[in-house]
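> Below you'll find the structure I mean.
The values are calculated or read from the model by the stated rules, or taken from the named source; none is laboratory data. All values derive from a computational prediction rather than experimental measurement. Note that we place each Cβ from the backbone using ideal geometry, even for glycine, and neighbour counts take in every protein chain shown.
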Amino acid sequence: MEFDSKIRAVIVGENTLGQLYWLKPLIVKCLIDKAFIYFPNHDRDEVKGIFEGANNVTIVSELAELNYSEANLILIDTCSDTDLLLLLRKLYPKTPMVACPHGNSIYPFANNRDKTGALNNSVLDYLIVSNSLDIGHYSAFVPKQKIIEVGYPIELSSGSSTGTHVSVFLRGAHIHYLRRIDYYKLCIGLIFVFIRHGEKQFVLKLHPRQGRRDKFMWAQIARCFKNLTITNKTPEKILSDSQAIISFWSSIFVDAFFWRIPAIEYYRYNTRSTVVEWDYNSHNGKIQSYYSKCGLVNSTKSWKEVSQFLDSKMSVKRNKFTYKRDVNINFKNAILNLIQ
């Protein structure tokens with residue numbers, strides 16, 4: 001029997017498009033030969049826009065659109081919809097089910113607070129991580145022998161920026177992540193930054209889950225500034241033209257590291273509700289993101305310090321974060337070993 005060297009993946013996600021941004025280079029380079037993408041909580045055209053020009057991608061709105069005999073791999077994010085996962089297992093009883101934590105963010109020192117979702121579900125066969133620092137965290141949910149470290153997509157790790165603008169990435173108020181009063185304080189601070197640095201061009205990207213109120217507010221603010229543009233471009237396209245990054249807490253700092261773009265975290269942490277991506281010091285009550293703890297970025301809640309960052313030479317922060325460039329080789333070989 002001839003060995004099947006083609007990877008035909010069903011890619012399923014729940015909330016975030018971060019998983020698709022991570023998988024995009026692997027699909028475009030045809031390391032995944034054919035992809036069937038099912039993201040029920042996102043508009044079909046929004047998902048399709050990420051893979052514009054790729055002829056090996058099929059976007060499906062209903063699971064009934066899938067050809068159950070064709071796929072030999074299921075890629076999921078850390079989806080908490082257990083019913084969906086069990087249904088996929090029923091539809092594909094012998095197909096390896098592999099989790100890709102959305103956005104492949106780093107949680108190297110995280111404790112075991114969050115055991116929900118696919119990572120604690122018996123239907124999961126394997127887990128893909130990008131960084132060796134992830135293994136210590138995820139081994140609390142998945143046996144180490146089921147964790148596959150593949151590195152990061154080569155496009156990101158070898159990126160270079162032409163650097164014509166400052167990119168600003170936001171996220172909206174959230175019951176756990178960010179109090180609304182703190183969100184507005186941060187927004188006001190950004191307005192002061194735009195005023196003080198009128199000589200710079202700023203490109204602002206709202207988080208996909210920000211609502212109409214935020215979009216309307218920023219549209220009105222942008223009308224008052226000749227040096228501010230709101231964009232719907234993908235992070236990859238924004239980064240390719242960035243000279244610096246200002247961002248609320250976000251995995252964009254990992255991407256900034258790959259592109260060698262100076263970045264600063266501008267955020268106010270909610271001390272009343274911590275999440276697994278944050279490091280909480282019970283002795284002094286301070287919170288920081290793991291991006292900051294790993295040394296990827298400096299963090300501040302002061303717009304004046306953001307302004308000083310823009311005035312400085314803005315060198316890329318040195319850190320203990322590690323990554324592999326050979327994801328193309330590792331991913332292909334690891335998956336082929338699973339499906340043969």
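> Given the conditions (1) free of Cβ contacts under 8 Å to residues at least 40 places away in the same chain; (2) surrounded by fewer than 20 Cβ atoms within 10 Å (Cβ to Cβ), report the number of the one that residue 204 does not fulfil.
Going through (1) free of Cβ contacts under 8 Å to residues at least 40 places away in the same chain; (2) surrounded by fewer than 20 Cβ atoms within 10 Å (Cβ to Cβ) one by one, residue 204 breaks only (2).
> Go through (1) within 23 Å of residue 332 (Cα to Cα); (2) in contact with a helix residue (DSSP H, G or I) (Cβ under 6 Å, 6 or more places away or on another chain); (3) crowded, with 18+ Cβ neighbours inside 10 Å for residue 54 and report which single condition fails.
(3)
> Next question. Please note which strands (runs of 3 or more DSSP E) are completely contained in region 9-79 and include at least 2 residues that are small (Gly, Ala, Ser). Outline the logic, then answer.
Details: elements: 34-38, 57-59, 73-76.
No strands (runs of 3 or more DSSP E) qualify here.
> Taking the condition of being among the hydroxyl-bearing types (Ser, Thr, Tyr), modelled with pLDDT under 85 and touching a helix residue (DSSP H, G or I) at 6+ places or on another chain (Cβ under 7 Å), how many residues in region 234-277 meet it?
The qualifying residues number 2.
> Residue 176 fails exactly one of the following numbered conditions: (1) in the same structural domain as residue 77 (by TED's automatic domain parsing); (2) modelled with pLDDT under 80. What is the number of that condition?
Only one criterion in (1) in the same structural domain as residue 77 (by TED's automatic domain parsing); (2) modelled with pLDDT under 80 is unmet by residue 176, namely (1).
> Looking at (1) surrounded by fewer than 17 Cβ atoms within 10 Å (Cβ to Cβ); (2) under 28 Å from residue 133 (Cα atoms), which is the only condition residue 199 fails?
Exception for residue 199: condition (2).
Residues are listed down the side, and each one gets a yes or a no for (1) modelled with pLDDT of 80 or more; (2) surrounded by 23 or more Cβ atoms within 10 Å (Cβ to Cβ); (3) in contact with a helix residue (DSSP H, G or I) (Cβ under 7 Å, 6 or more places away or on another chain):
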| residue | (1), (2), (3) |
| --- | --- |
| 13 | no, yes, yes |
| 21 | no, no, yes |
| 30 | no, no, no |
| 36 | yes, no, no |
